[in-house]
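Worksheet: one structure, shown below.
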Amino acid sequence: MRAQLLIITALESELDKNTLPTGVEIVYSGVGKINATAASIQAIHQFQPQRIVNFGTVGKINPALHGLLEISKVIQRDMMTAPLAPRGQTPFCPKPSEYLSLSGEHICGTGDSFVTAHDPWLIAQGIDVVDMELFAIARIAHQFNLPWQSFKYVTDDANSDSGKEWQQRVNHGQELYLEKLTELLSA
């Protein structure tokens, strides 16, 4: 089955498949980089998409941000192997340590942890928002030579209240995702 556009979202609570237009495929990856990697590979084989779009939620590092953001670049925030490699880079790995999307203006830092405290490294890298899946999705898209885009809804302030804030707002971006999806399909 070939799909023009494949949506990869971590959880059904972020984007309900019943609200999508006919013909749009969605895969729920589950939380974290390993789940996102496995789901992305399987979905690419199953749907053979021309483009991947990630919709999801993020905590903000940049306090000025809110609403729906388009991500331009993603890096790993939890690859910490010094002195073998600087933070964010996988040692002995020739693959890129950052991935660029088709468009956007914000930087996302992906890691297998829920950010609940200030981290000066995130600010030093210019990271605007944090999530738990995008780096893996972008890496697999790159591996399969597929263009990708990501739209993230800010749910929390990446602080000690993040878990509670995220749970209360996890589905607040759905209408904005659907509006963006309409734009993407009409382009």
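The values are calculated or read from the model by the stated rules, or taken from the named source; none is laboratory data. Small disclaimer: the values here were computed from a predicted structure and weren't measured. A quick note on method: Cβ atoms are made from the backbone with ideal geometry, for glycine too, and the neighbour counts reach across all protein chains shown.
Could you check segment 49-71 and list, in sequence order, the residues that are surrounded by fewer than 18 Cβ atoms within 10 Å (Cβ to Cβ) and in contact with a strand residue (DSSP E or B) (Cβ under 9 Å, 6 or more places away or on another chain)? Passing the criteria: 50, 51, 62, 65, 66, 67, 68, 70.
Residues that are closer than 14 Å to residue 133 by Cβ and assigned to a helix (DSSP H, G or I) within segment 1-59 comprise 33, 34, 35, 36, 37, 38, 39, 40, 41, 43, listed in sequence order. Is it the case that residue 115 is in contact with a His (Cβ under 8 Å, 6 or more places away or on another chain) and under 19 Å from residue 32 (Cα atoms)? Answer is no for this residue. Right, residue 43: buried (at least 20 other Cβ atoms within 10 Å of the Cβ), without any contact (Cβ under 8 Å) to a residue 40 or more places away in the chain and in contact with a Ser or Thr (Cβ under 6 Å, 6 or more places away or on another chain) or not? Taking the combined requirement at face value, the residue does not satisfy it.
Within segment 47-68, residues that are closer than 27 Å to residue 121 by Cα reach partners that are assigned to a strand (DSSP E or B) and basic (Lys, Arg) with beta carbons closer than 7 Å, at six or more positions or on different chains, in the pairs 56/152; 57/152; 58/152. Only one entry of 25, 12 meets the criterion of being acidic (Asp, Glu) and either within 16 Å of residue 176 (Cα to Cα) or in contact (Cβ under 8 Å) with a residue 60 or more places away in the chain (or both), and that entry is 12. Meeting the requirement of 1 or more residues that are at pLDDT 95 or above and surrounded by fewer than 18 Cβ atoms within 10 Å (Cβ to Cβ), the strands (runs of 3 or more DSSP E) wholly within segment 87-187 are 98-100.
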